[in-house]
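Values in this text are rule-based calculations from the coordinates and carry no lab data. Keep in mind the model is a prediction, meaning the values are calculated, not measured. Here the Cβ positions follow ideal geometry from the backbone for every residue, glycine too, while neighbour counts run over all protein chains shown.
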Amino acid sequence: MVEEVSEKKNKLLKEISQEIVKKMFGNLLRAVGIMIYFMILNLAYFTMKQERLIGDIKVFAGAFLVTGIIFLEKAYKRDNGTMGITGVEFLFLALHSLSIMHVITMLKYDFRLYLLTSSYIFSIYYVLKSIVLYTKGRKEYLNSLSDISEIVKKEEPIKKEAKKREKQESEKKIEQKQVEKKKNKKKVEKQTEKVKNNKKENSEKSKTTKRKTKKTEAKKEIEEVKVPEKKKRGRPKKEVKVKND
């Protein structure tokens, strides 16, 4: 049980740390990408004509708008808050791109300075967002550690109780085996006693039968001896007739 809990603990900690790193890395990449985007617009401002530049800005804004809508649809279907936030960020970037030329012409800002400040604002936003995500993930990490420690504490007495139950069950099984052995011994002893008694009875019966047969044989012999004596005694004497001349 403890090994399983430790394995689960390590897996959870790895998953949480990986999620934190992924989120921070993704936000930093977005910040770098937005800075590169604004740097490209700065370079294009000096190399391209204004009409061509406005057309390219509209193309970028349309691409950002489509990606933001896709992210919002996915977030709505999956009920995912992070995807929804990224969709809103892309929509805001698209609106900002479309409003660049209007703000410059109406408020008479310098194009390079405006793009530089906007790139700094976006990068600061993503850095702050990554910091917030790191602190939030760190709190989740610590909460998971406390939850796991509580689970371990709860499972320790359960494990002790399980061991006690196992010991009690093993002791009961041993006692039952001993009782069964005693019962079997008693049964065997009774069976042996019955066999002995049967043997004794059979031997006594055989002796009595032998005695009876001997007595009957002796009686028969006596009777056989008496019968001829009686016959001899019971025979009448023959009278000798004397003839008279």
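For segment 116-122, in order, what is each residue's ³J(HN,Hα) by Karplus, 6.51 cos²θ - 1.76 cosθ + 1.60 with θ = phi - 60°, in whole Hz (x at glycine and Pro)?
Calculated HN-Hα couplings, in order: 5, 5, 5, 5, 5, 5, 5 Hz.
Over segment 37-79, what per residue volume does the convex hull of the Cα atoms give, in whole Å³?
Dividing the Cα hull volume of segment 37-79 by its residues yields 49 Å³.
Specify the inter-centroid distance of segment 55-80 and segment 194-226, based on alpha-carbon positions, in whole Å.
119
Taking the Cα-to-Cβ direction at MET39 and at GLU221 and moving 7 Å from each Cα, how far apart do the two end points lie in nm?
Result: 14.1 nm between the two label points.
Past 32 Å, Cα to Cα, is the threshold; run LYS22/LYS77; LYS183/LYS207; LYS58/LYS129; LYS14/LYS77; LYS139/LYS164; LYS77/LYS129 against it and keep the listed order.
Beyond 32 Å: LYS183/LYS207; LYS139/LYS164.
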